[in-house]
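Student: Have a look at the structure that comes next, please.
The values are calculated or read from the model by the stated rules, or taken from the named source; none is laboratory data. Note that the structure is a prediction, hence the values are computed from the model and not measured. For neighbour counting, all protein chains shown are included, and Cβ atoms are generated from backbone atoms with ideal geometry for every residue, glycine included. Protein only, heavy atoms only, side chains kept; ligands, DNA and RNA dropped before computing areas. Shrake-Rupley method; radii C 1.70, N 1.55, O 1.52, S 1.80 Å.
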Amino acid sequence: QVQLLESGGASVQAGGSLRLSCAVSGRTVRDYCVGWFRQVQGTDRKEVAYRDEEGIIRYAEAVKGRFSFSFDNTKKTLYLQMDNLKPEDTAMYYCASGCPGTRTWGQGTQVTVSS
């Protein structure tokens, strides 16, 4: 299995920006079936941005136009650029590797957006 380590979470004011990073290591590191999820306490973990098996990047409706996902295959690092942050974006953010059913998660990094 792969290992993932998120970083970049912080407390910011509404309208601000953050860039999350996720270093990926292990026997198998691929540029598909990788992405970002977020979870608020007491709720389900939700997909934010994800590159699927066909290489198509999906964004949650709530973040379209504000978040941008990328993967640096050389550095084996996922990025999530988050602009125009809103209080509703406050959550624990997790990077993930693996297609559905074989997914590995990072430890998470907290993003808090104040109004």
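Student: Can you pull out the residues in the range 5-34 that are modelled with pLDDT of 95 or more, under 20 Å from I57 (Cα atoms) and either surrounded by fewer than 14 Cβ atoms within 10 Å (Cβ to Cβ) or in contact with a Phe, Trp or Tyr (Cβ under 8 Å, 6 or more places away or on another chain) (or both)?
Tutor: E6, R19, L20, S21, C22
Student: Continuing with the same structure: Take the range 85-106 and flag every residue that is within 19 Å of G42 (Cβ to Cβ) and either in contact (Cβ under 8 Å) with a residue 40 or more places away in the chain or within 13 Å of the chain's Cα centre (by Cα) (or both).
Tutor: Of everything in the range 85-106, those that are within 19 Å of G42 (Cβ to Cβ) and either in contact (Cβ under 8 Å) with a residue 40 or more places away in the chain or within 13 Å of the chain's Cα centre (by Cα) (or both) turn out to be P87, D89, T90, A91, M92, Y93, Y94, W105.
Student: Being in contact with a Gly (Cβ under 8 Å, 6 or more places away or on another chain), under 27 Å from S115 (Cβ atoms) and surrounded by 12 or more Cβ atoms within 10 Å (Cβ to Cβ): is that true of F37 here?
Tutor: So F37 fails the test.
Student: For the range 71-92, what are the residues that are over 21 Å from A14 (Cβ atoms) and loosely packed, with under 14 Cβ neighbours inside 10 Å?
Tutor: Residues satisfying the conditions are D72, N73, T74, K75.
Student: Scan the range 43-55 for residues that are at pLDDT below 95 and open to solvent by 70 Å² or more (accessible area, probe 1.4 Å) and jot them down.
Tutor: Within the range 43-55, E53, E54 meet the criteria.
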